[in-house]
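> Can you read through this structure? Questions will come right after.
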Amino acid sequence: MPDSQRSRSPLLKSLSSKDLRNKSQTRSAFTKQPSSDHQNFSADAALFHELDNLLSKKLHLADSNELHHEINGERHFGDSPNNDIDNNNGNSSNNNSNEPTDLLDDASGSEEEEDSEFANVDEIDGPISPSSSSGSLKDYFHSHEPYNGTGSPKQQYSPKSESTDSDKIITSDDMNNEEDNNLPVDDALKKLLQQKAEEIERGTSSHSFTKPTLDWEISDFYSLYHELSGWFIQKDYGSLKSTMVCFQKSYDTKKFVEEYSYAKNVVKELGAKLEINSMDIRSLLSLAYISFGTFQETSSYFHHLDILRRNNTLLMPISKILLECFKKHADCCRTKNSNLQQYNALLFYSGSILFFMINIGIDQRKKQAKVVENFINSIEEADLMLFLTKYIDHWRWKSRLSMRIRNIIILLHKLILLQFGDESYYDDTKEFVKKHHGIKKKDPNSCNLSVSPLEYIAFREDITSRYPSSNIPKGDCPEIMDNPNSLSQFLEIPRPRSRSTSNQSLGEPQVHISTPAPSPPASPTALNGMKTRKSFQANLSFPTFYPSSGDYDNGVMDELSHKLDIAVDETVLPFSMQEAIEILSKSVHIKLSTKQLWHERELFMIQERGWCNNDSGLQNDPFDYSLIHTQEASTMKRIEKYYADALPLFSSLVYVLLETIETCASNKVHFEKDYTEEEINELQPQLELIRSKEIAMESSCAILFLLLKWFKLSHCLKFEYLCSLIYDSKFIITGVNALYKFTEEYQNKIFNKHLQPTHSFWSECSLFNIQYKDTLEISISGEQNKNLNIRMLNSEVYILRILSKITGKKTQRLKDLPLNISGIFKSLYYVFNLDIYHPILKIVHELAPFKNKRWRADHMDLVSGVFLHEKLSLTENWITGKDITGEINDAYGQEIALRAMLQFYNFYHYKKSMKDCGYDDRTSNSFFSREAELISAPY
């Protein structure tokens, strides 16, 4: 085939145009002129051959082989690179082409610049080995491409030498033994590549193996090894010897450990003494030694764990006495003005006993369910959670060192876990609640996507605007969804594409609906007039002009429409529209929070219309679990009781917890490489202070997150009320500052490469038994996450989750996010861990539509992470499909409507608690009351 008739390969377009013109004039030593035999090959074969020749010339491989090659029966010598350049200019006498040699005389300067742009194309794309460019392409082609000639294609293209042709034939063994000129790959990389391939085959979530991976999963309760040491600071360990000495003076420790009946009698005797005199320090010290696990008689770490579980289970029957003593000791520390040191010691010992009992209760909730359930009921009867919340509220206004607020916060954290449950019990309770309200269980591992009722309403409006005569299923959405006469309309605003700002800016259709004939041309405009940019997008507010795929009047229906279950009687829709209607109508998923909000919106609208004395909503509340007698229902009743009693105290609780988190922003991280051994010893008090702050911050973040999680399961408006308190307390600023502090030396902090105190409850207890001390290191080596900074990781994830919850689907709050938060997210995103990724990507999912293209380009890894790791809605076009103008315009109204709904919900259901917040029914209708109300009204 002549060169002028060959189609250009897309692969050759990356080379310069000058080389493409020269390919028909000059051939290097590896080229072959077209012949009759060459026409027997396909066009792809010729393109492979041309590409090989051009790559050979670009790499100047002609001078590497100065052998004679036979081309069309003639003998040619390989030219040097310089001679090859001269030949390209038309000065060679060995050019056998019939084309003129002065074609390059017309080359312009722009073409020379184009050649210079591609001068280093091989260096940019990577080195190409001579073997791959000179032989591999041709060998691959000749070994796979069929031919119609008489001889072997390999023989036609192989250069002649002194050896015979049979020696030049490449056998299969030679191909297997061919030298590999690629870069060497070590075994570790091969293993990673193999794991990556297996993940892709299985369809599981995969990630880039170039990122460091953090093998860790967040948990509300890890193990007793991790949880118990957080209660103590360095100076508290001196109390261990005091408790042991006091117990040994009155009782036989060895007999207590070996004989269960003796231990039970001792516990009963000490409980009776403490019931008579709650200030009996000796009885309290003996009970503390029992709660600590009688560590002197333990021979190993595992033995100590068994004794801890056994002893604290023995103490649970006298929990009522211990709870009353703890409350008395705490009241003395709060109100007394003398003997505060003694009361402080009593509070520490009674609090320590309760802390150990609560942790054992969490650890043994499934194994000893009956004993733990009785212990939980005793705590509920004593209203310990409400007592601790009031205690924290008092500390906000009248703080004292003797109140031990750090220990109180840690105790409240563990108490919430015991009273409400950990993550596994939460899943069981959530399943019970959904089943009770008839909500379909959604498989988290399922690949099927769903839509919310709000999205389905927007979809119905879009279809109706385009096909007005269509009849679309309404679904299970109530009639109050889009009521313009209620303030609550701003809570759920359908956003169809037909009403979006971008769609409203489009022009009207140019063809009339009734007479779809071309409109007459418009009047001529001035030559110097502005040229308007014409848009070819369809305005979704107008019905479609185009006929459907069937003719209903003639009885002709689209064959594809018969496959669908939904049949439209009055009109024939396109098959794509019918299919979309069927898919979305079957994919509507109504959440528990959506049902709860619909019920309260209906009551709110009744109140808006003046029906204030309607108590039927309270009597027929579908979210009341008081008549159900199950373990899960008991948990929901505990949540309801705590919310009703502590409603006026949540503001103080949030304030104190956020202050605790904010104090950690001043913590300084110390690394061993920066200090000598003497300086490290001097830093120990400072390191101990940093450790105590970090533990308090972890507990504070956990309290906020656990309350948000359980309140949302109870009722979505409980959750929104606490979210509004956290937001109003400037959590965004506090949380972002804490996250920014985490990003400094992030990986070193995660893997505990910074200086920190080495003491623990277990190491201090082992000092009292030599055998225990010798085997401790080996015993704790199997503990998971031993070498990770669990406190920082937990605090980080809790802060991210709280931040995601208070800003989720609330545009007004997204505005308060600082500009540097995306940089913080990128720093945290560098380490692969899905527990860290999910809250980050949820915030990015909300934030990205409001950012410009430059921001999206700079944070493409975060945007891509949303597609990779988050489960999106079926109709969601989140990155570019949001009505940004509409969202921003309605943001303030949404926040006001939410606050009004929260005020109504709390006052309607919890009037007694709201009186402490200043809300009450108006009892006087006098003239002065009416005038005072008019004066104080904002309008």
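> Output the residues belonging to segment 276-291 that are without any contact (Cβ under 8 Å) to a residue 40 or more places away in the chain and closer than 16 Å to PHE326 by Cβ.
Result: ASN277, ASP280, SER283.
> Among residues belonging to segment 758-794 that are aromatic (Phe, Trp, Tyr) and over 24 Å from ILE690 (Cα atoms), point out the one that is farthest from the chain's Cα centre (by Cα). First the steps, then the outcome.
Taking segment 758-794 as the starting set, the residues that turn out to be aromatic (Phe, Trp, Tyr) are 761-762, 768, 772.
Still in the list and also over 24 Å from ILE690 (Cα atoms): 768, 772.
Details: PHE768: 46, TYR772: 42 Å.
Applying the filter and picking the extreme gives PHE768.
> Also, I was wondering about something else. Can you work out which of the residues in segment 637-681 that are polar (S, T, N, Q) and more than 14 Å from ALA696 (Cβ to Cβ) is most open to solvent (accessible area, probe 1.4 Å)? Show your work before the answer.
Quick first cut of segment 637-681, residues polar (S, T, N, Q) only: 651-652, 660, 663, 666-667, 676, 681.
The next check asks that each one be more than 14 Å from ALA696 (Cβ to Cβ); those that pass are 651-652, 676, 681.
Details: SER651: 56, SER652: 7, THR676: 77, ASN681: 100 Å².
Of everything passing the filter in segment 637-681, ASN681 is most open to solvent (accessible area, probe 1.4 Å).
> Being farther than 18 Å from LEU240 by Cα, open to solvent by 60 Å² or more (accessible area, probe 1.4 Å) and assigned to a helix (DSSP H, G or I), is that true of even one residue in segment 287-301?
No, because not a single residue in segment 287-301 is farther than 18 Å from LEU240 by Cα, open to solvent by 60 Å² or more (accessible area, probe 1.4 Å) and assigned to a helix (DSSP H, G or I).
> Ok, one more. Might you let me know whether segment 773-791 holds any residue that is of a type in the set (A, V, I, L, M), outside any helix (DSSP H, G or I) and free of Cβ contacts under 8 Å to residues at least 12 places away in the same chain? So that I can check it myself, show each step before the final result.
Just the residues of segment 773-791 that are of a type in the set (A, V, I, L, M), to begin with: 776, 778, 780, 788, 790.
When the remaining residues are screened for being outside any helix (DSSP H, G or I), the result is 788.
Retained after the next criterion (residues that are free of Cβ contacts under 8 Å to residues at least 12 places away in the same chain): none.
No; the residues of segment 773-791 include none that is of a type in the set (A, V, I, L, M), outside any helix (DSSP H, G or I) and free of Cβ contacts under 8 Å to residues at least 12 places away in the same chain.
> Hey, another quick one. Scanning segment 427-451 for residues that are out of contact with any helix residue (DSSP H, G or I) (no Cβ under 7 Å at 6 or more places or on another chain) and surrounded by 16 or more Cβ atoms within 10 Å (Cβ to Cβ), which turns out modelled with the highest pLDDT?
To start, the set of residues in segment 427-451 that are out of contact with any helix residue (DSSP H, G or I) (no Cβ under 7 Å at 6 or more places or on another chain) comprises 427, 431, 435-436, 438, 440, 442-450.
After this cut, where a residue has to be surrounded by 16 or more Cβ atoms within 10 Å (Cβ to Cβ) as well, the list is 436, 450.
On the way: HIS436: 90, SER450: 86.
Here the residue is HIS436.
> Let me ask you something else. In segment 909-925, which residue that is among the acidic types (Asp, Glu) and assigned to a loop (DSSP other than H, G, I, E, B) is farthest from LYS815 (Cα to Cα)?
ASP921
> Go through SER913, SER822 for me and flag whichever is open to solvent by less than 20 Å² (accessible area, probe 1.4 Å), of a type outside the set (A, V, I, L, M, F, W, C) and modelled with pLDDT under 90.
SER913
> Since TYR837 meets every condition but one in (1) open to solvent by less than 90 Å² (accessible area, probe 1.4 Å); (2) under 17 Å from the mean Cα position of the chain (by Cα); (3) free of Cβ contacts under 8 Å to residues at least 12 places away in the same chain, which condition does it not meet?
Exception for TYR837: condition (3).
> With the condition kept exactly as written, say whether any residue in segment 735-742 is hydroxyl-bearing (Ser, Thr, Tyr), within 20 Å of the chain's Cα centre (by Cα) and part of a loop (DSSP other than H, G, I, E, B).
Scanning segment 735-742 turns up no residue that is hydroxyl-bearing (Ser, Thr, Tyr), within 20 Å of the chain's Cα centre (by Cα) and part of a loop (DSSP other than H, G, I, E, B).
> Any residue in segment 729-751 that is free of Cβ contacts under 8 Å to residues at least 40 places away in the same chain and more than 30 Å from GLU688 (Cβ to Cβ)?
no
> Here is a list: LYS255, LYS249, LYS235. Which entry is in contact with a Phe, Trp or Tyr (Cβ under 6 Å, 6 or more places away or on another chain) and free of Cβ contacts under 8 Å to residues at least 40 places away in the same chain?
On the way: LYS249 fails: in contact with a Phe, Trp or Tyr (Cβ under 6 Å, 6 or more places away or on another chain); LYS235 fails: in contact with a Phe, Trp or Tyr (Cβ under 6 Å, 6 or more places away or on another chain).
One residue alone meets the criteria, LYS255.
> Counting only residues that are open to solvent by less than 60 Å² (accessible area, probe 1.4 Å) and either at pLDDT 85 or above or not aliphatic (A, V, I, L, M) (or both), how many does segment 470-486 have?
Result for segment 470-486: 7.
> Now for a different question. Please determine, by comparing only the residues of segment 739-782 that are closer than 17 Å to ILE836 by Cα and of a type in the set (Phe, Trp, Tyr), which one is most open to solvent (accessible area, probe 1.4 Å).
TYR740
> For the condition of a type outside the set (Val, Ile, Thr), open to solvent by 50 Å² or more (accessible area, probe 1.4 Å) and assigned to a helix (DSSP H, G or I), what is the one hit in ASN906, ASN877, ASN889?
The conditions single out ASN889.
> Given (1) in contact with a helix residue (DSSP H, G or I) (Cβ under 8 Å, 6 or more places away or on another chain); (2) open to solvent by 60 Å² or more (accessible area, probe 1.4 Å), where does MET403 come up short, assuming only one miss?
(2)
> Pairs needed: first member in segment 421-444, β-branched (Val, Ile, Thr); second member anywhere, outside any loop (DSSP other than H, G, I, E, B) and open to solvent by 80 Å² or more (accessible area, probe 1.4 Å); C-beta distance under 9 Å; at least 6 residues apart or different chains.
THR429/GLN631
> Checking the condition open to solvent by less than 40 Å² (accessible area, probe 1.4 Å), out of contact with any helix residue (DSSP H, G or I) (no Cβ under 6 Å at 6 or more places or on another chain) and closer than 30 Å to GLU796 by Cα, which residue from SER219, SER229 passes?
SER219
> Exactly one of (1) among the aliphatic types (A, V, I, L, M); (2) touching a Phe, Trp or Tyr at 6+ places or on another chain (Cβ under 8 Å); (3) open to solvent by 20 Å² or more (accessible area, probe 1.4 Å) is unmet by VAL844. Its number?
(3)
> Of these, ARG396, ARG334, ARG365, which one is among the basic types (Lys, Arg), within 35 Å of the chain's Cα centre (by Cα) and not in a loop (DSSP other than H, G, I, E, B)?
When all the criteria are applied, what remains is ARG396.
> Run SER424 past the list (1) touching a Phe, Trp or Tyr at 6+ places or on another chain (Cβ under 9 Å); (2) surrounded by fewer than 20 Cβ atoms within 10 Å (Cβ to Cβ); (3) of a type in the set (Ser, Thr, Tyr); (4) farther than 23 Å from SER229 by Cα and report the number of the one that doesn't hold.
Failed condition: (1).
The values are calculated or read from the model by the stated rules, or taken from the named source; none is laboratory data. This is a predicted model, so every value here is computed, not measured. All Cβ positions, glycine included, derive from the backbone under ideal geometry; neighbour counts span all protein chains shown. Accessible surface areas use protein heavy atoms only, side chains included; no ligands, DNA or RNA. Shrake-Rupley method; radii C 1.70, N 1.55, O 1.52, S 1.80 Å.
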